[in-house]
Amino acid sequence: GELKDLKTRVRYINVAWETGDFKYFLKALKNVADALGGMKKLSKETQLARESLYTMLSEKGNPTLSSLEKVLHAFGVKIVFERELSHGKKSV
């Protein structure tokens, strides 16, 4: 359903990332993969083995940045680096 919509998908992935819980983030990516046709389709689009994708998006997953980028690209999402608002400020 909803995750087929690109705007919703981007928001969902961002919210999952911002929790700071990497396991939760990977679970969210797995949910997106399932919504977009599953691991077989994702494997074709990313040129990553299906087994690798299952491992990568599991609780113990620890994807490389390049693999993560390929998966996000297949979802129509890109990684963006921004200035951290709290960086350089003394905490009160």
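The values are calculated or read from the model by the stated rules, or taken from the named source; none is laboratory data. This one's a predicted model, so the numbers in the text were calculated from it and none came from an experiment. Don't worry about glycine lacking a Cβ; one is built from the backbone with ideal geometry, like all the others, and counts go over all protein chains shown.
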(request) Residues being surrounded by 11 or more Cβ atoms within 10 Å (Cβ to Cβ), of a type in the set (Gly, Ala, Ser) and either touching a strand residue (DSSP E or B) at 6+ places or on another chain (Cβ under 9 Å) or farther than 17 Å from Ala16 by Cα (or both): count how many of those fall in segment 31-84. (result) 7
(request) May I ask you to verify whether Tyr12 is modelled with pLDDT of 95 or more and in contact with an Asp or Glu (Cβ under 9 Å, 6 or more places away or on another chain)? (result) yes
(request) Check Gly1 against each of (1) touching a Leu at 6+ places or on another chain (Cβ under 9 Å); (2) surrounded by fewer than 17 Cβ atoms within 10 Å (Cβ to Cβ); (3) not charged (D, E, K, R) and name the one condition it does not meet. (result) (1)
(message) Out of the helices (runs of 4 or more DSSP H) lying entirely within the chain, which hold 2 or more residues that are in contact (Cβ under 8 Å) with a residue 40 or more places away in the chain and not basic (Lys, Arg)?
(response) 6-18, 22-35, 65-74
(request) Considering only segment 60-77, state which residues are closer than 24 Å to Lys7 by Cα and modelled with pLDDT under 95. (result) none
(message) Just the residues that are farther than 15 Å from Leu68 by Cβ and surrounded by 13 or more Cβ atoms within 10 Å (Cβ to Cβ), please, taken from segment 12-23.
(response) Tyr12
